[in-house]
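Undergrad: Have a look at the structure that comes next, please.
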């Protein structure tokens, strides 16, 4: 309340606010009415809440002058000092630096690998932001609730061929006082394809058809297929003669009579080097001698397919020993009808070697 002692025009005065500290603080307030007469009560209110920011230290204690000036005699001025102390209030939201964070790393990265820091900041003094991962991201990632640092949770968490991009939701909650605030952002993980998946080898459903003494180059079968999902795969078939063997009436045959009697060629399907089939053809072991029924009646071949671009790692033997389809073996005597199957295919346990290859046995 303000009191003027004059009468008539000498009792009229104007009022306003001026800054003492900080500069510009008076603009946040207004006084009504702006003119008084003799005894008058004035109401002071805020007009710009954005200026009243506790997070700006100079505004935590505001000092203003309330000035009254007589209308008819400007030299007659009265002043009063007003002190305003702001209280801290949870009025700020946690804010992330980015609406979308993007990272890229190899699909083989394992437990403890640093992914990125996704951290929100809150301007409220004394407020502390807690970060969490949303959805199933907790199955393969961890986040430090205060720093926002994200790491891989477990080994073998990622597979480029299953999913090469992952969207992770990160949530930030402030904790100062009610009302609490929550914001979210996204982390996009793009995986690099690492050539670490072993190739798959498949044998034909039925035994190949061949007669003894077929000439060199005669095709035995082209139904041995292999595939590798890695984008950089380069497959190559071969016969492991050290593990292959032949028998004659159940007894082991002399290696000189069958070693190199067939050869497997690698044929690619289209432009991809990750899709191929093995063409098994007859070869001479000596001039004019190929497959000789008198020397052996069953040839067991161990066929391997190798990815030449495989990247070695500690888990390269994870997929060892998978049983493939079993095939019926067929036998015939020498000089049999050309339409008879004189050989069959029988699979052994499929092995994944440390050089990224798959192997299987077949009997001829």
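The values are calculated or read from the model by the stated rules, or taken from the named source; none is laboratory data. All of these numbers come straight from a predicted model, not from anything done at the bench. Neighbour counts are summed over all protein chains in view; Cβ atoms, including those assigned to glycine, are modelled from backbone coordinates with ideal geometry.
Undergrad: With (1) within 30 Å of residue 178 (Cβ to Cβ); (2) outside any strand (DSSP E or B); (3) touching a strand residue (DSSP E or B) at 6+ places or on another chain (Cβ under 7 Å) as the list, and residue 89 as the residue in question, which single condition is left unmet?
TA: (3)
Undergrad: Would you say residue 116 is in contact (Cβ under 8 Å) with a residue 40 or more places away in the chain and in a loop (DSSP other than H, G, I, E, B)?
TA: Numbers: in contact (Cβ under 8 Å) with a residue 40 or more places away in the chain: yes; in a loop (DSSP other than H, G, I, E, B): no.
When the stated conditions are applied, residue 116 does not pass them.
Undergrad: Please go through region 40-53 and pick out each residue that is exposed (fewer than 12 other Cβ atoms within 10 Å of the Cβ) and either under 44 Å from the mean Cα position of the chain (by Cα) or on the phi > 0 side of the Ramachandran plot (or both).
TA: 49, 50
Undergrad: A further question follows. For residues that are touching a helix residue (DSSP H, G or I) at 6+ places or on another chain (Cβ under 6 Å) and modelled with pLDDT under 95, tally how many sit in region 55-85.
TA: Of the residues in that region, 1 qualify.
Undergrad: Let me ask another. Just to verify a result, which residue in region 1-16, among those that are modelled with pLDDT under 80 and closer than 15 Å to residue 33 by Cβ, is farthest from the chain's Cα centre (by Cα)? Even if it seems obvious, please write down each step before you answer.
TA: Step one: filter region 1-16 for residues modelled with pLDDT under 80, giving 1-10.
Still in the list and also closer than 15 Å to residue 33 by Cβ: 1-2, 4.
Working: 1: 68, 2: 69, 4: 75 Å.
Applying the filter and picking the extreme gives 4.
Undergrad: I would also like to ask the following. Could you check residue 29 against (1) surrounded by 14 or more Cβ atoms within 10 Å (Cβ to Cβ); (2) assigned by TED's automatic domain parsing to the domain that holds residue 164 and say which number it fails?
TA: Just one mismatch for residue 29, condition (2).
Undergrad: Any idea how many residues of region 129-153 are surrounded by 13 or more Cβ atoms within 10 Å (Cβ to Cβ) and within 30 Å of residue 87 (Cβ to Cβ)?
TA: 6
Undergrad: Show me the strands (runs of 3 or more DSSP E) found entirely inside region 150-239 where at least 1 residues are at pLDDT below 95 and over 21 Å from residue 306 (Cα atoms). Spell out how you get there, then give the answer.
TA: Numbers: elements: 165-174, 182-192, 200-202, 219-227, 235-239.
The qualifying strands (runs of 3 or more DSSP E) are 219-227.
Undergrad: For residue 111, work out the one condition from (1) in a strand (DSSP E or B); (2) surrounded by fewer than 16 Cβ atoms within 10 Å (Cβ to Cβ) it doesn't fulfil.
TA: (1)
Undergrad: Mind checking which residues of region 54-81 are within 21 Å of residue 21 (Cα to Cα), in contact (Cβ under 8 Å) with a residue 60 or more places away in the chain and surrounded by 15 or more Cβ atoms within 10 Å (Cβ to Cβ)? Please lay out each step first, then the result.
TA: Step one: list which residues in region 54-81 are within 21 Å of residue 21 (Cα to Cα), which gives 54-68, 77-81.
Those still in the list that are in contact (Cβ under 8 Å) with a residue 60 or more places away in the chain too: 54-55, 68, 78, 81.
Of everything in region 54-81, those that are within 21 Å of residue 21 (Cα to Cα), in contact (Cβ under 8 Å) with a residue 60 or more places away in the chain and surrounded by 15 or more Cβ atoms within 10 Å (Cβ to Cβ) turn out to be 54, 55, 68.
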